[in-house]
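The values are calculated or read from the model by the stated rules, or taken from the named source; none is laboratory data. Because the structure is predicted, anything quoted here is derived from the model rather than measured. Methodologically, a virtual Cβ is constructed for each residue, glycine included, from the backbone with ideal geometry; neighbour enumeration extends over all protein chains shown. All accessible areas refer to the heavy atoms of the entire protein, side chains included, with ligands and DNA or RNA removed. Shrake-Rupley method; radii C 1.70, N 1.55, O 1.52, S 1.80 Å.
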Amino acid sequence: MSERSKDSATESLQFLAGGGEMGALMRSLDWSTSSLGPPHLWPQALRTVVRLMLNTGHPTYIFWGPQGACLYNDAYRQSIGPERHPGSLGKPAFEVWEEIWDLIGPQIEQVRSGRGATWNVDHLVPITRHGKREEVYWTYSYSPIDDETAPGGIGGVLVQCTETTQQVLAARQLAAERDRLAQLFEQSPTFMVLLRGPEHRVEIANPSFMALIGRREILGKTIAQALPEAVAQGYVALLDTVFATGEAFTANGARFELRLEPDGAVVDRYVDFVYQPVKGLDGKVSGIFVQGVDVTARAQADATLRESEARFRTALKAGRMGSWITDHASGKRHWSREGMDLFGIDLVDGIGQVGGDNDEYVGALHPDDRHLAQRYKELAARQDTFDAEYRIVRPDGTTLWLTGRGLVVERGPQGQALRLVSIMADSTDRKLVEERFRLERERLDLALDAAQMGAYDLNFREGTLWWSPETYRLFGVSAEQFVPTPESVLALIHPDDRDTFVRLRRKAIDEHRPFVHELRIQRPNGSQIWVAHRGRAEYDERGAASRNFGVIMDISERKQVETMLRDADRNKDNFIAMLAHELRNPLAPIRNAVTILRKSGPADPTTTWCHEVIDRQVNQMARLLEDLLDVSRLSRGQLQLRLEPTSLAQVVDQAIEIAQPSIQAGEHAFIVTLHPRPLYVRGDVARLAQVLSNVLINAAKYTAPRGRIALSVEDAGEQVLVRVSDNGIGIAAHHLSTIFEMFAQVQTAGRHAQGGQGIGLSLARSLLELHGGTITAFSDGLGKGTEFQIRLPRLRPSPVGEPARTAEPAPPDDTQSYRILVADDLRDSADSLASLLETFGHTVAVAYDGEQALELAESFRPDIAVLDLGMPKVDGYEACRRIRASAWGGSVILVAQTGWGQTHDLGRSRQAGFDHHAVKPIELDTLLAMFPAVQAG
Ligand code: ADP
């Protein structure tokens, strides 16, 4: 290169002067390898824009020539990293901006092809710089650079750009911020409203506010239009004040009444809120920001809490309860109103003393319970809660029982109770009841103990059996060693009584009635006692026995006395029976003797009278003895009846026959009225005749001579009625029933001394009862006569006709003569009977004991043998057996003779082989009636 050209070249490179770092770089670069060629050859148009570029502070870029060689200035250089600077200078555009060629390629092409410039604002052109691809925003333009020398007249593209990445990101952040705020506003649990202008027009309101006031259109409306209820409640006036003064207003728990639905019910809302004035740039209030919280739920909870506290206090009062807090740290006791009421104290501020002489609590404690204060202190040291019960004496002198609990609510470092809450209730009433209950129990125990009664309680449902201490004693076991169970108890009951015990108890429980019975307890030590057991069961809703309780009582002594009494009674019966027997024996010989005397020929009137007296009195005595025997038989249950269809007429006949002598003796008028048709009963004719004769004899006895006695037999439907009336001494009303008691006799001044033991009517009643009949006495009073009514169940005749009449015994045949053996150890009896029989033409042999009787029988060979049963040596039974066993004895008529006349004797005598059984004193007629059987046989 020539000097000149060099100079001109230097001169021509003036356009690269300045330009800071890029200027220097452009000047120093060896452009020969670039598509632009050396700068001094660059066309003027390029030179001009390069000079402009290097001298402007605005970021500028140039794409020149067909390859778009890249040029840029210092300002632009800030926006690229070492990846492109300085290496990209002068390099083809495509090579440098390959990564964004899609974006800028078309723009360069557009400008170069003359289709106009481009303009982009905040356009994202992501480029790699400083090793990382960055989101870079640009506001830029692509404009053509005219060059006449270039084909198409456009030499390159001028890029003027400003990187706006910072602004774009800041704006975006701002938007996000605003978004967050809006969201906060939207979702805030606090309500927010922005009111504009003096009329408080709603500009914005968040959903919380809408929730508070209910769905309605409020945006753009004044608050008075949007929330008319706020006007009346003074809220709008408040807003006016805030707007006027510019001072914020705060409220807590303010009540706001509103309707959530246009015609719904008015509801209460409680709100905490702030009216915050919003001021413009001019400092004037332009609106009010309202922000607040709906605290309705809390307010309601508070109200509920207050209510429940009030209720708690009422409950304390109602339950006569009181509470106080004992604070050992401060030495003070905080009393509730109720606590003070309970103690009857009144402290101005409810604060009392703990410890010392002025301790109101300790001072109130009952002297006997004062020691408990220390106890509770010890308890509080160990446990957080404990039960307490004690008495206090109130200032008015009344004593109260208090029952409740202590609760430790705070402890000191060593665990000592610092604060203690006491809740106590007045339990005086309950305690009094308990005390009464205890006393009653004690009394019951004492009573059970005194009565030596044992109690028990068997719970079927729980399977438990409780015994009182006395029960253990009665069973002879100790509470320590013996566990009462149904099985173990049963084992202690006498084996003979066990089944009965179980059965009777079961039966009574099933039938829902109490049970009473007596049983023996076999104690483990071998001794035995009698106990009376009374029990009762309790039943559940379904009627099943759930419990069985009762008492047992030692009755061993009573049992012993009973046994003794029974023995004594039996001895008495035996004695009476024996006495009657012994007394009867002499009667037979007397009677026989009289009969013989009579038979021995006509006597003088005095002798005849004597005979009659003896005869009557013997009969009377025999009857009395008979009654006596019957009484003892009855009491021993040994009286047996021969029940058969019996005609009343027959009974009446026999009774009259017996009573006739008495009636005649009194010279009474005697009227008998029988029923026209025969009436029957089922009965023992002899017994019924005995009853009726007794009544007739009484009538004769208790009626003054020449009185009137009437007997009638009537048909009384199901019964036969026999009346015996007299016009005698009568019976006082209060004696009408007692005369039927054993040995009852009415003591009356005018009583006829007719003798008697007060047995007759009692026997009559018993005999009638055995027949299913009754006897009743009627009298209008003393001197008014008496009527006895006997009623017997009537026997209806069978369809066939009247009951078969018992065959009339054939009349005794007194023409026949028999060989008769009479054996009796009572000589008079034997001899008199023998004499009597001989009078009637019989041949009689007499023996005075059994042995003799057997010997005699052997030689005498009697047709009939009358044997006394109770003979010495060989008794009547044995004698009979031997006679029967002998070769000749089969056909002998054997008659047993006894004073006992009892059925078991009768059975025995039949067994021994007797044909007949006669009771002493044997009636001759009775004996003779047995004889025709011999003829027949
Ligand atoms: P007693 O052997 O004393 O007659 P009863 O048992 O036969 O015994 O009679 C009891 C009592 O009843 C008699 O003592 C008598 O007082 C009274 N009594 C019985 N029958 C009559 C009667 N028909 N009139 C008055 N009193 C009678």
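The figures follow:
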| item | result |
| --- | --- |
| Euclidean distance between Cα centres, the stretch 344-380 to the stretch 479-534, Å | 57 |
| Alpha-carbon centroids, the stretch 24-52 and the stretch 221-296: separation in whole Å | 74 |
| Cα-centre dipole for the stretch 372-447 with unit charges at Cβ (Lys and Arg positive, Asp and Glu negative), debye to 20 | 200 |
| Per-selection metrics, the chain (Cα): Rg and Dmax in Å | 72.0, 234 |
| Vicinal HN-Hα couplings computed from phi for the stretch 258-269 (Karplus, 6.51 cos²θ - 1.76 cosθ + 1.60; Hz; Gly/Pro x) | 7, 9, 6, 10, x, 10, x, 6, 6, 10, 9, 10 |
| Förster radius 45 Å - calculated FRET efficiency between residue 582 and residue 672, Cβ distance, rounded to 0.05 | 0.75 |
| Taking only Cα atoms of the stretch 60-143, radius of gyration then Dmax in Å | 12.3, 36 |
| Coarse-grained scattering of the stretch 580-664 at q = 0.20 Å⁻¹, given as base-10 log I(q)/I(0) from a Debye sum over alpha-carbon atoms | -1.09 |
| Heavy-atom surface of the stretch 1-158, accessible at 1.4 Å and reported per residue (Å²) | 50 |
| Å² per residue, accessible surface of the stretch 419-566 at 1.4 Å | 63 |
| Neighbour net charge for residue 511 - beta-carbon separation under 15 angstrom, K R +1, D E -1 | +4 |
| Charge dipole (the stretch 371-524, unit charges on Cβ, about Cα centre) - positive-most of 417, 393, 447 | 417 |
| Estimated FRET transfer efficiency when R0 is 35 angstrom, pair residue 891-residue 558 (beta carbons, to 0.05) | 0.05 |
| Dipole of the chain, positive direction: furthest Cα of 303, 231, 477, with charges on the beta-carbon | 231 |
| The stretch 369-478, relative contact order in percent, only Cα pairs under 8 angstrom and at least six apart counted | 15 |
| Among beta bridges that DSSP assigns inside the chain, antiparallel share in %, nearest 5 | 85 |
| Area of residue 671 that stays accessible when all protein chains are in place (1.4 Å probe, Å², to 10) | 70 |
| Solvent-accessible area per residue for the stretch 593-637 (1.4 angstrom probe, square angstrom) | 56 |
| Sequence-separation-based contact order of the stretch 620-728, relative, with Cα cut under 8 Å and 6+ spacing, percent | 29 |
| Given charges at beta-carbon only (K, R positive; D, E negative), |dipole| of the chain in Debye | 340 |
| Of the trypsin sites (Lys or Arg not before Pro) in the stretch 662-720, those whose Cβ has at most 13 other Cβ within 10 Å and which sit in DSSP loop | 706 |
| Cut-off under 5 Å, modelled amide H: who pairs with residue 42 long-range | none |
| Cubic angstrom per residue, convex hull over Cα atoms of the stretch 481-612 | 209 |
| At R0 = 25 Å, FRET efficiency that the Cβ-Cβ distance of residue 172 and residue 102 yields, to 0.05 | 0.55 |
| Model label zone, residue 224; criterion: amide N under 14 Å from point 7 Å along Cα-to-beta-carbon; scope the stretch 234-258 | 234-241 |
| Magnitude of the charge dipole, the stretch 169-243, Cβ model with Lys/Arg +1 and Asp/Glu -1, debye to 20 | 180 |
| Relative contact order %, the chain, counting alpha carbon pairs below 8 Å whose residues are six or more apart | 4 |
| Calculated [θ] (222 nm, deg cm²/dmol) that DSSP helices of n ≥ 4 give over the chain, each run adding -39,500 (n - 2.57) | -12500 deg cm²/dmol |
| Charge dipole of the chain about the Cα centre (unit charges at C-beta), most positive-ward option of 759, 39, 661 | 661 |
| Solvent-accessible area, 1.4 Å probe, carbon plus sulfur percent, for the chain | 54 |
| Residue order for 818, 848 - accessible surface, 1.4 angstrom probe, largest first | 848, 818 |
| Solvent-accessible ranking of 483, 421, largest area first, probe 1.4 Å | 483, 421 |
| Label-point separation, residue 546 to residue 41 (7 Å along Cα→Cβ), nm | 12.8 |
| Overall Cα dimensions of the stretch 426-538 - principal axes, largest extent first, Å | 57, 35, 25 |
| Cleavage-rule hits, trypsin sites (Lys or Arg not before Pro), the stretch 437-503, DSSP coil, Cβ neighbours within 10 Å at most 15 | 461 |
| Residue 287 long-range amide H proximity, modeled H, under 5 Å | 197, 278 |
| C-alpha center-to-center spacing [the stretch 410-472, the stretch 629-656] in angstrom | 67 |
| The chain: DSSP helices with Cα axial extent of at least 24 Å and average Kyte-Doolittle hydropathy no lower than 0.5 | 648-665 |
